[in-house]
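Working notes, beginning with the structure itself.
Quick note: the coordinates plus some simple rules give every number you see, no bench work behind them. Bear in mind that the values here come from a model prediction, so they are computed numbers and not experimental data.
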Amino acid sequence: MRRILQALPLALALIAGLPLAAAADPPERVVSINVCADQYLLALADPDQIAALSLYAADAGMAYFADRARRYPRTAGNAEEVLAFDPDLVLAGTFTKVQSRAMLRRLGYRVIDLAPADSWDDVRAQTRLVAEALGHPGRAERWIAALDTALAAADGGSVARGADGAPLQALQYQRRGFTAGTETLMDRIFAAAGLENAATEAGIGAVGRLSMESLVRVAPDLVVFDRADIALTDVGSDLLRHPALDRAVPEAMQMVLPQRLTVCGGPSLAEAVATLRAALRDRFLRQDPDPRP
C-alpha cells in the first residue's frame, strides 16, 4: 500500500499528460494582453519570465511601469500573435479579446482573466493571484504592504475640509465627461484622501458620463483631472476647459491625479493615494481651507 501511495503522484501526472516537475515549475514565457495585467506582471515576475506585453504597456500616460515595458515585445492580443510567443501562461482582462481568450483556452493554453478591481480587497486578491501563478507568492506581500501603509497613513482623516468642517466633495472629470462613480477604485482613492465622491449626487454607480449642466448642478468642491496637458482637439476634450466649469469650480479647486496612477488596480495605487493626499496638503495648508468665493 505504501508503494502504491508513493507512486500515485507520478501516475496522476502521466494521466494528465504532464511531466511531474512541470506541474510545480513557475511559467517561463508569460504573455500579457491587457494593460492592467501588464502592471502586475512587471511588478511580480522575473524579467526573463516576460515574453510579451500588451499594445499599451509602454504608454507613459496610461501605464505605471511604462519605462520597464519598453524592453519587451508588445502584442495587440490576437490569438495568432500570442501563439507566436509560445506562452505557458497568458494574463488577460475579463473584457480583453474575448475570441482570442476562448481560442487560446481551446488550444490548451492557461489563461488567467483579471476583472476590473473595485475595492482594496480586489487589489490584494489579484496581486496574490498573479504572484502565485508566476511562482513568486512572497512578492505580493511587498506591494500589499505598500498599499496598506498608504491607507494607514490616510486614517488620520481629511487634510482638506470646507468652512463647515465637512469633507470636500470631489469629482473626477475626464474627456467626454466621463466620471468615476461610487463603485470604483477612484471612489476608494477619494475616501482614503478624506474626500467624498460628488458622483453620488449624480447617481453614478460605476463609470458614467456627466454633462456640463449636471456638473454645474452637482457643484463639486473639487474637480480632479487625469492629465495636466489637456489638448483642445475635439468636443470631448473641449469639455474639460469649458467656461462653465471654471465658473462652477474655480481654478484653485482643480487638481490633477495622473491616469497612470488610477486606471488600473495594482502597484500604482499606493502612490495614487499618497500623491492625492500630498497635493491636498500642499494646496490647502498654504491657503484658506475654503478658497471658494
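General observations
- What the Cα atoms of region 22-150 give is an Rg and a Dmax of 13.8, 42 Å.
- Average projected area [Cα convex hull, region 158-284], square nanometres: 7.2 nm²
- Percent of C-alpha pairs per 5 Å bin, region 102-174, short to long: 3, 12, 13, 15, 16, 12, 10, 7, 5, 4, 2, 1, 0
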